[in-house]
Each structure stands twice: as structure tokens, then as C-alpha cells.
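Worksheet: one structure, shown below.
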Amino acid sequence: MSDQKRVMAIHDISCVGRCSLTVALPIISAAGFDCGVLPTAVLSTHTGGFSGFTYRDLTADILPIAEHWESLGLRFDALYSGFLGSFEQIDLVAGLFDKFKARDGFSLVDPVMADNGKLYSVYSPEMAKGMAKLCSHADIIVPNLTEAAFLLDEPYVGDIYDREYIFGLLNRLSALGPKRIVLTGISFEKGKLGASCYESETGKISYFALDRIDGYFHGTGDVFGSALLSALLRSHDLEKALEIAVRYTHRCITLTVEARQEIRYGVCFERAIPYLLEIL
Ligand code: PXL
């Protein structure tokens with residue numbers, strides 16, 4: 001057996017716009033892992049900020065692909081899911097976790113479906129219920145505040161919350177099933193932005209934030225998730241992995257602002273990869 005850890009990234013391919021697989025694959029590969037991909041859909045661009053995008057749902061390919069992997073006896077040290085192409089993929093992806101997770105491996109679900117209080121245009125409220133079911137099969141979940149509200153069928157509170165609310169939210173999310181929860185886009189101090197995490201086994205809650213950079217930056221959830229997963233595979237604990245992911249995401253955003261990139265084309269995560277390798 002190889003001592004190089006193997007990852008399966010289950011996201012869409014948005015051909016242009018730097019999110020999902022065009023972010024996860026390079027980051028996880030650069031971190032030194034063997035990263036396979038299972039595309040859930042192919043879109044000409046992502047759905048945020050572009051109109052007229054094409055959309056090919058790849059649901060029908062998942063089972064045949066999984067059957068072939070099964071014949072190869074494959075197992076993955078981490079399975080990482082994000083944007084799904086259809087409601088039916090929820091059960092299929094849960095099945096992949098059961099079948100292909102290595103003995104000491106983990107599944108990480110980013111329940112990509114919403115931001116800023118709203119579901120993405122391609123998703124229905126049904127999808128939110130389905131995502132909660134997929135999260136119940138996951139070891140780690142990485143929702144933003146909007147997704148957390150949808151997962152729990154609770155109102156979205158916007159920017160108005162305190163530590164107590166976030167700690168309660170972390171607890172209620174872990175009651176869905178996952179042992180480790182990472183909530184992104186959290187701020188407990190004016191002018192800061194970061195993430196908070198909870199581990200049900202120890203009851204430990206952590207928070208790490210850096211200076212907030214004004215604006216909405218596309219694809220940062222995928223940048224964050226890919227860095228977090230890489231840090232966990234490098235055997236950092238959840239608290240340290242969260243800090244690494246916040247630092248890397250922050251650096252990507254800083255470089256994007258400096259490069260005066262058009263926001264809908266995503267963040268310049270490539271230029272911050274040397275920094276990620278330094279802090280990993
Ligand atoms: O980054 C999340 C994401 C992934 N895939 C597609 C998206 C989005 C967010 O808008 O549209 C297709």
C-alpha cells in the first residue's frame with residue numbers, strides 16, 4: 001500500500017469561475033495528496049454572477065463509476081463532497097461514503113446550497129432537507145450560517161448573533177450526526193471574520209478570525225474546505241486545521257483584491273499556494 005493519502009472530491013465542474021473541482025483538486029494535490037474527482041455536474045460557469053450558464057447533470061454516471069471502483073477495491077482516506085447535481089445524488093453520495101471510506105478515513109460534507117440568507121437559484125427547499133440527511137452520514141460538516149439555518153429549518157439571523165447563539169447552533173448541528181462541525185463566516189468582533197468549530201467527543205469549541213476584507217468573494221467556501229481537509233490529512237487537530245484554512249482563505253482574498261480581479265471569477269488561490277504549504 002502507498003503511504004500517500006488518497007482523497008475523493010465530489011463536486012461539480014464549473015468550467016470557469018474558480019470554485020468546486022477547479023479549486024479542490026489543485027489545492028488538495030498541492031498539499032501532497034492523491035486527489036481523485038467525481039464530477040456531479042458540468043456547468044459552463046458557476047451559478048453566482050453569470051446568467052445563461054449550461055448545466056449537465058451527471059447523476060446517471062455515479063453508480064457505474066462506483067461499481068468500477070468497487071471492482072478495483074478502492075478506499076479513500078477522505079471523501080469530500082460539495083455542490084451536488086441533483087436531489088438523487090444525496091443518497092448516492094451517502095452510499096459512496098459507506099462503501100469507500102478507508103478504516104481511519106473521514107467524510108467531509110460542505111452542504112453547498114445557500115449563502116446570504118438565500119438558496120442558490122438551482123436548488124429547491126427540498127434540497128435543504130436532503131442535505132441535512134447527507135450531513136447525518138458525515139464525520140465533518142462545513143456549513144456557512146445560511147446553510148446551517150436551512151439544515152436545521154431555523155430562521156437565518158443575518159449578522160445579528162452572539163457567542164451563545166453560535167454555540168447552540170454548533171450543538172444542534174452535531175445532533176444531526178456529525179462529530180465535528182465547522183461553521184464558516186463567523187464574527188464575534190467588529191471588523192473580524194473567521195470560523196468556529198465544535199467537537200462532540202471533547203465538547204471543545206474554538207474560534208479563529210482575521211481582519212474582515214469588505215466584499216463578497218466567490219468560491220471561498222471551496223478554498224476554505226479544501227485547505228481544512230488538507231490540514232486534517234496532515235494530522236493537524238480540528239482547531240489548528242480551522243486556523244490554517246482561515247489564514248489561507250484570507251490570504252487568497254487579499255491577493256485577489258491586490259490583483260483587482262473581477263469578483264465573479266473567484267479568488268487568486270493559486271498565488272497563495274506557497275503560503276498554504278508553509279503553514280501546513
Ligand atoms: O462555490 C460553491 C458553488 C459550487 N458550484 C456551483 C456554484 C457554487 C456557488 O454558487 O454555483 C455550480
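Of the whole protein surface, Val37 contributes about 60 Å² of accessible area at a 1.4 Å probe radius.
Accessible surface for region 6-274, divided over its residues, is 43 Å² per residue with a 1.4 Å probe. Using the Cβ-Cβ distance between Asp91 and Val16 with R0 = 30 Å, the FRET efficiency computed as 1/(1 + (r/R0)^6) comes to roughly 0.50.
Across the accessible surface of the chain, with the other protein chains kept in place and a 1.4 Å probe, carbon and sulfur atoms take up 51 percent. From most to least packed by mean Cβ count within 10 Å, the peptides 262-269, 189-196, 4-11 give 4-11, 262-269, 189-196. Could you give the distance between the Cα centres of region 179-235 and region 40-84, to the whole Å? So the two Cα centres are separated by 25 Å. Take every DSSP beta bridge whose two residues both sit in region 6-274; close to 45 percent of them are antiparallel. Calculation over all alpha carbon pairs of region 6-274 in 5 angstrom steps from 0 returns a P(r) of 1, 6, 14, 18, 21, 18, 13, 6, 2, 0, 0 percent.
Its alpha carbons give region 66-191 an Rg and a Dmax of 15.4, 53 Å.
The listed residues Glu270, Glu147 rank as Glu270, Glu147 when sorted by accessible area, largest first, using a 1.4 Å probe. Pairs of Cα atoms nearer than 8 Å and 6+ residues apart set the relative contact order; for the chain it is 16 percent.
At 222 nm, what value in deg cm²/dmol follows for the chain if DSSP H runs of at least 4 each add -39500 (n - 2.57) and the sum is divided by all its residues, to the nearest 500?
Taking each H run of at least 4 residues, the total per residue is -12500 deg cm²/dmol.
Taking a sphere under 12 Å around the Cβ of Ile213 and counting the other residues whose Cβ falls inside, with K and R at +1 and D and E at -1, yields a net charge of 0. Note on exposure: Cys15, Cys197 ranked by accessible area (1.4 Å probe, complete protein assembly) read Cys15, Cys197, with the most exposed listed first.
Distances between placed amide hydrogens fall under 5 Å for Tyr123 paired with no residue 5 or more residues away or on another chain.
Of the cross-linked pairs Lys133/Lys190; Lys5/Lys179; Lys5/Lys118; Lys101/Lys133; Lys5/Lys129; Lys133/Lys204, which ones have a Cα-Cα span greater than 28 Å in the structure shown? Distance filter (> 28 Å) returns Lys133/Lys190; Lys5/Lys118; Lys5/Lys129. Loop-located chymotrypsin sites (Phe, Trp or Tyr not before Pro) in region 70-108 (DSSP state not H, G, I, E or B) with no more than 16 neighbouring Cβ atoms inside 10 Å: Phe87.
The values are calculated or read from the model by the stated rules, or taken from the named source; none is laboratory data. Since this is a predicted model, take the numbers as computed values, not measurements. Virtual Cβ from ideal backbone geometry, glycine too; neighbours counted across all protein chains shown. Side chains are part of the model used for accessible areas, which takes the heavy atoms of the whole protein and leaves out ligands, DNA and RNA. Shrake-Rupley method; radii C 1.70, N 1.55, O 1.52, S 1.80 Å.
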